[in-house]
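As structure tokens, the structure follows; a few thoughts come after it.
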Amino acid sequence: MSAIAQVEPMTTARALRGPFDYRLPEELQGGVVDVGSMLVVPFGRREVLGVVVGLADSSEVAEEKLLAPLRALDENPPTLPVEMVALAEWIAAEYCSTIARALGLVLPPGAARRLSGRKRRAVARPRHQAVGSRRPVPPELSAEQRAALAPILAALAQRRAEPRLLHGVTGSGKTEIYLRAAAAALDQGRGAIVLVPEIALTPQIVGRFIERFGDTVAVLHSRLTPGQRYAEWRRLREGEARVCVGPRSAVFAPLADVGLIVVDEEHDSSYKHEGDPRYDARDVAAERARRGGALLLLGSATPRPESVQRTTASVLPVRVDGRPLPGVQVLDMRGEESEIGQHGLHSLTSQALAELRARGGKAIVLLNRRGWSNFLSCRSCGLVWSCPQCDVSLVLHRRGGYVACHHCGHREPAPARCSACSSTSVARHGAGTERLQHELGSVLDDGSGSFPVFRLDADVVAGEGVGELLRRFEAADCGALIGTQMVAKGHDFPDVTLGVVLDADATLRFPDFRAEERTFSLIAQLAGRVGRGAQGRVLVQTIAPEARAIVHAARHDSHGFLEGELERRNALDYPPFSHLIRVTCASVSPEPARAASLGLRERIARAVVPGNRAGGNGQAVLGPAALFRLRGQERQALVVKARERRPAVAAVGEAVEQVSRLRAHSAVNFSVDVDPQ
């Protein structure tokens, strides 16, 4: 009978590496405590939450010196399934983090609050309102859908753990394929997890799953109250719900015997978690599917090159109703300033919007910058208002009367005069979605509200909420929805006939090897929101009309773009033909961060990782290079490019562990990002 519990205390300190042994009293033996159980344990001078990761008959520490848990927080079965504990251990190793931090991802919502011993109050299940067209009866599948679905159902029937890509143009019926695959998994007595990029931006797919499967669907996302999240989590844990729909954190849903994991809009960067551990939900989904013998189904109209290279694809080349994709016209903005006017629109764009207003149609306009103006400057002395914590300029939000940093959240009142020379001549440069809404509203809406202009960006999300705004746009007889990349994500409005992309090449100017991929995806996804119920058109304004990404997007040529992108990345040895790991060293002053990064470079360069292209030491170490100051921290970054992922991750993790323990680098914070996005 196991008398020792190996416990991971839920502490964020990286220097403390568990597990730690605790002696189980008799009342907690005999199967009462098992792997996955939550315990309250003494840890130093504190009482902390701990998760049992193993049981043993003996310990290297004398039993009389071992402390006992104070109490157990749950009864059999354990709170966490054994497989979720194992998945957390994999995440910790894969993303150079601690097991405690990885376990924090899989714990039930509000687990830390249970230390007080207070019981949870019963709460009502959340109600989820859908946006978009409804289909109470499952539609007939098209020939293309049947052909795409057949191998998916075959893999499910044979319980093959394999990844598959559903590459279908927007409006081709991918969601119906997901629904049929989930039904097949349920018929086998297995569960299904459906991941969406952002729950607030994809209410239609949530509604369709609830409509098809009813109470067996649980929805997990951060906009629920803690009590609601726990109620949904518990339904999944106890088997009352067998389908989980949610954003990236839903990959940790405590479902038993998962048969299907769907990743909708798999190209979306929101699947990458920015906190420690910096996991990618797509890779975690692949690992969970592999361990559980489940089918991983990735869906997108603009899939990542990594997914195309590593999976077998089912293709949906046409829209489900046979309606053609909208025509895309690229508008060259070079030398057009005299014809654009004050609103930043090409003359053809202004004409198209005016015609749309006259006939009472709907448009979606994308400008991937929020706020009123990009930055402010003094016309007299040239001062630019900048963030005191970050090396970036402050963005004007005129409606709120403040300027803000979009990196750290710093805000201050919008200036009326220059703090350096007292001049009242403050210039506003550039335009964001707030200004665009104001200016288009003044032109298109005569004040009667007959042609409303709606705005969807992060400021709106923090205010009235996305769902209500989308419902108002859907209910309107006509109008325009303008916003950042949020307007291109998964919306299904059949009466939208005009799409406009402003400053389409802005993403090409980022120093990122994925810049072309993101530009192509943004234009193609926006185009996919247009012309679903009637013939539509898309106008793309750019100063780089010959850019490869823009040319292919205008042709709806995903295959051509991906073929060229894979060829380019292979030549440059970028993912998916290699793996990248970024290590960032941060400190209040630049010298400590620089010294720590140089020490890391030396140790990583000495590590031998076989099978890579770069030199005798098996890997390329790029940097260190200075990044802009962020939240008061000076930063230096290293990037490791390696052919073999596991050895490279292990080498980086060991180097960071060694350097971070040195007293000389005690003032430095280290972060590791495997497969940075």
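Below, the figures for the structure above:
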{"quantity": "Residue match in the range 501-516 (condition: crowded, with 22+ Cβ neighbours inside 10 Å and closer than 24 Å to residue 451 by Cβ)", "calculated": "yes"}
{"quantity": "Criterion violated by residue 605 - all others in (1) at pLDDT 90 or above; (2) outside any loop (DSSP other than H, G, I, E, B); (3) within 19 Å of residue 673 (Cα to Cα) satisfied", "calculated": "(1)"}
{"quantity": "Selected residue [at pLDDT below 90 and either under 15 Å from residue 436 (Cβ atoms) or in contact with a strand residue (DSSP E or B) (Cβ under 9 Å, 6 or more places away or on another chain) (or both)] from 341, 361", "calculated": "341"}
{"quantity": "Qualifying residue in the range 449-463 (condition: outside any loop (DSSP other than H, G, I, E, B), free of Cβ contacts under 8 Å to residues at least 12 places away in the same chain and surrounded by fewer than 17 Cβ atoms within 10 Å (Cβ to Cβ))", "calculated": "no"}
{"quantity": "Members of the range 253-266 found to be closer than 16 Å to residue 86 by Cβ and open to solvent by 10 Å² or more (accessible area, probe 1.4 Å), listed by number", "calculated": "256, 257, 258"}
{"quantity": "Unmet requirement for residue 470, which otherwise passes all of (1) open to solvent by less than 60 Å² (accessible area, probe 1.4 Å); (2) assigned to a helix (DSSP H, G or I); (3) over 29 Å from residue 519 (Cα atoms)", "calculated": "(3)"}
{"quantity": "Residue pairs meeting the criteria (Cβ under 9 Å; at least 6 apart or on separate chains; first over 11 Å from residue 332 (Cα atoms), in the range 542-554; second open to solvent by 20 Å² or more (accessible area, probe 1.4 Å) and among the polar types (S, T, N, Q))", "calculated": "549/507; 554/329"}
{"quantity": "The range 17-66, subset in a strand (DSSP E or B) and charged (D, E, K, R), residue most open to solvent (accessible area, probe 1.4 Å)", "calculated": "46"}
{"quantity": "Checking residue 27 against (1) touching a helix residue (DSSP H, G or I) at 6+ places or on another chain (Cβ under 9 Å); (2) at pLDDT 85 or above, the condition it does not meet", "calculated": "(1)"}
{"quantity": "Only one of 481, 498, 508, 539 that is of a type outside the set (S, T, N, Q), part of a helix (DSSP H, G or I) and touching a residue at least 12 places away in the same chain (Cβ under 8 Å)", "calculated": "508"}
{"quantity": "Hits in the range 266-276 (condition: farther than 22 Å from residue 236 by Cβ and touching a Phe, Trp or Tyr at 6+ places or on another chain (Cβ under 9 Å))", "calculated": "272, 276"}
{"quantity": "Residue within the range 467-481 that is at pLDDT below 90, touching a helix residue (DSSP H, G or I) at 6+ places or on another chain (Cβ under 9 Å) and of a type in the set (Lys, Arg) present", "calculated": "yes"}
{"quantity": "All positions within the range 55-93 that are over 14 Å from residue 32 (Cα atoms), without any contact (Cβ under 8 Å) to a residue 60 or more places away in the chain and among the small types (Gly, Ala, Ser)", "calculated": "56, 58, 59, 62, 68, 88"}
{"quantity": "Flag for residue 487 being open to solvent by less than 10 Å² (accessible area, probe 1.4 Å) and in a strand (DSSP E or B)", "calculated": "no"}
{"quantity": "Index of the failed condition, residue 546 passing every other in (1) modelled with pLDDT of 95 or more; (2) outside any helix (DSSP H, G or I); (3) in contact with a helix residue (DSSP H, G or I) (Cβ under 7 Å, 6 or more places away or on another chain)", "calculated": "(3)"}
{"quantity": "Failed criterion for residue 576 (all others in (1) touching a residue at least 60 places away in the same chain (Cβ under 8 Å); (2) within 26 Å of residue 321 (Cα to Cα); (3) open to solvent by less than 50 Å² (accessible area, probe 1.4 Å) hold)", "calculated": "(2)"}
{"quantity": "The lone exception for residue 653 - which of (1) at pLDDT below 95; (2) small (Gly, Ala, Ser); (3) over 25 Å from the mean Cα position of the chain (by Cα) it fails", "calculated": "(3)"}
{"quantity": "Verdict on residue 527 being of a type outside the set (D, E, K, R), over 18 Å from residue 568 (Cα atoms) and modelled with pLDDT under 90", "calculated": "no"}
{"quantity": "Those residues of the range 290-300 which are crowded, with 23+ Cβ neighbours inside 10 Å and either out of contact with any His (no Cβ under 7 Å at 6 or more places or on another chain) or assigned to a loop (DSSP other than H, G, I, E, B) (or both), in sequence order", "calculated": "294, 295, 296, 297, 298, 299"}
{"quantity": "In the range 637-677, the residues that are of a type in the set (Asp, Glu) and either more than 24 Å from residue 512 (Cβ to Cβ) or open to solvent by less than 40 Å² (accessible area, probe 1.4 Å) (or both)", "calculated": "654, 657, 673, 675"}
{"quantity": "All strands (runs of 3 or more DSSP E) inside the range 356-442 with 2 or more residues being under 35 Å from the mean Cα position of the chain (by Cα) and of a type outside the set (A, V, I, L, M, F, W, C)", "calculated": "411-413, 426-429"}
{"quantity": "Scope the range 626-674; condition among the small types (Gly, Ala, Ser), more than 16 Å from residue 582 (Cα to Cα) and in contact (Cβ under 8 Å) with a residue 24 or more places away in the chain; matching residues", "calculated": "632, 664, 667"}
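One line per residue, one yes/no per condition, for (1) of a type in the set (Phe, Trp, Tyr); (2) crowded, with 22+ Cβ neighbours inside 10 Å; (3) more than 30 Å from residue 79 (Cβ to Cβ); (4) in contact with a helix residue (DSSP H, G or I) (Cβ under 7 Å, 6 or more places away or on another chain):
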residue: 279; (1), (2), (3), (4): yes, yes, no, yes
residue: 287; (1), (2), (3), (4): no, no, no, yes
residue: 323; (1), (2), (3), (4): no, no, yes, no
residue: 327; (1), (2), (3), (4): no, no, yes, no
residue: 347; (1), (2), (3), (4): no, no, yes, yes
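The values are calculated or read from the model by the stated rules, or taken from the named source; none is laboratory data. This is a predicted model, so every value here is computed, not measured. Glycine also receives a Cβ, built like all others from the backbone with ideal geometry; neighbour counts cover every protein chain displayed. Ligands, DNA and RNA are excluded from the accessible area calculation, which covers all protein heavy atoms including side chains. Shrake-Rupley method; radii C 1.70, N 1.55, O 1.52, S 1.80 Å.
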